[in-house]
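What follows is calculated from the coordinates using simple rules that are stated; it is not laboratory data. Just so it is clear, the structure is predicted and the values come from calculations on it, not from any experiment. Neighbour counts run over all protein chains shown; Cβ positions are idealised from the backbone, glycine included.
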Amino acid sequence: MGEVSKIHVFDLLNPSQNPLRVITIEGSKVTRAKWGNLNKQILTGHEDGTIAVYDYATGKRTKTVKNHAGSIQDIQFSSDFSHFITASIDTTSLIYDTKSLKVLKTFKTSRPVNSATMSPLKQHIVLGGGQEAMKVTTTSQRHEKFEAKFFHKIFEDEIGAVKGHFGPINTLAFHPNGKSFASGGEDGYVRVHHLDDDYINFEFEEEANFQF
């Protein structure tokens, strides 16, 4: 519509009031915005694959990196804000160090990634996505393309998958105790997946003798 991308910050106690701050974005539009630690910074993901950091007090961009080749669809922080994970339509998911914006881990899939979440209990991540509905043909619409895929956070290996959705997964979130996770899909369903004791108790041989 000819409008430049902007971030509007509102007071939840007075949502009808004018925004507390408006930050004008230069370049590629923002697809995701997250508060950083202590709400002093705003972390943004962009349509061109850029990650940027804005200082809330001044509204100025302080850091920029570009490691994705496509739009960033999701950003989720670890519980201590020391690192965060991204999901991109370029079929990859990356874990970044929050302070330096250095890439720590790379996870590759065969389809666009719309959401990525990290387990608070185990060294696992879950990725979800799939091809856009308008691009899926009857010959390529295979059920496994819409699985939630588990990867080991340290080893970067795919370790499992959970089926259920009949369209691309658009959002994922772990329960705070790490024993279940929720997925929301383009098929209109939100599914809550409860992880059994076999999953909770399982660990690789390398993990048994190593403290992460």
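What FRET efficiency do you get for R21 and K108 if R0 is 41 Å and r is their Cβ-Cβ distance, rounded to the nearest 0.05?
Details: r = 37 Å, r/R0 = 0.91.
It comes out at approximately 0.65.
Please check the chain for the longest run free of trypsin sites (Lys or Arg not before Pro) that are loop-located per DSSP (anything but H, G, I, E, B) and have at most 13 other Cβ atoms within 10 Å. Mind showing how you got there, number by number?
Details: sites that count: K40, K60, K99, K102, R142, K163.
Formally, the longest exposed-site-free interval is 164-212.
Longest exposed-loop-site-free stretch of the chain, with GluC sites (Glu not before Pro), DSSP loop and at most 12 other Cβ within 10 Å? Provide the component values of the computation, followed by the final result.
On the way: sites that count: E3, E26, E203.
Longest stretch, sites excluded: 27-202.
How much length is gained if the chain between S180 and Q123 is pulled fully straight, taking 0.36 nm per residue apart and subtracting their Cα-Cα distance, in nm to one decimal? Present the calculation step by step, with values, prior to reporting the outcome.
Details: separation 57, 0.36 × 57 = 20.52 nm, distance 1.44 nm.
Stretched fully, the S180-Q123 segment lengthens by 19.1 nm.
What does the extension gain come out to for A57 and E156, with contour length at 0.36 nm per residue minus their alpha carbon separation? Can you show the working numbers first?
Working: separation 99, 0.36 × 99 = 35.64 nm, distance 3.70 nm.
That works out to 31.9 nm of additional length.
Quick one: if the Förster radius is 22 Å, what FRET efficiency do N201 and S78 give, using the C-beta to C-beta distance and rounding to 0.05?
On the way: r = 23 Å, r/R0 = 1.04.
That pair, N201 with S78, gives E of 0.45.
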If I take every Cα pair under 8 Å that is 6 or more residues apart in the stretch 71-208, average their sequence separation and divide by the length, what percent do I get for the relative contact order? 16
Hey, what number do you get for the chain at 222 nm if only DSSP H runs of n ≥ 4 count, each worth -39500 (n - 2.57), divided across all residues, to the nearest 500? -500 deg cm²/dmol
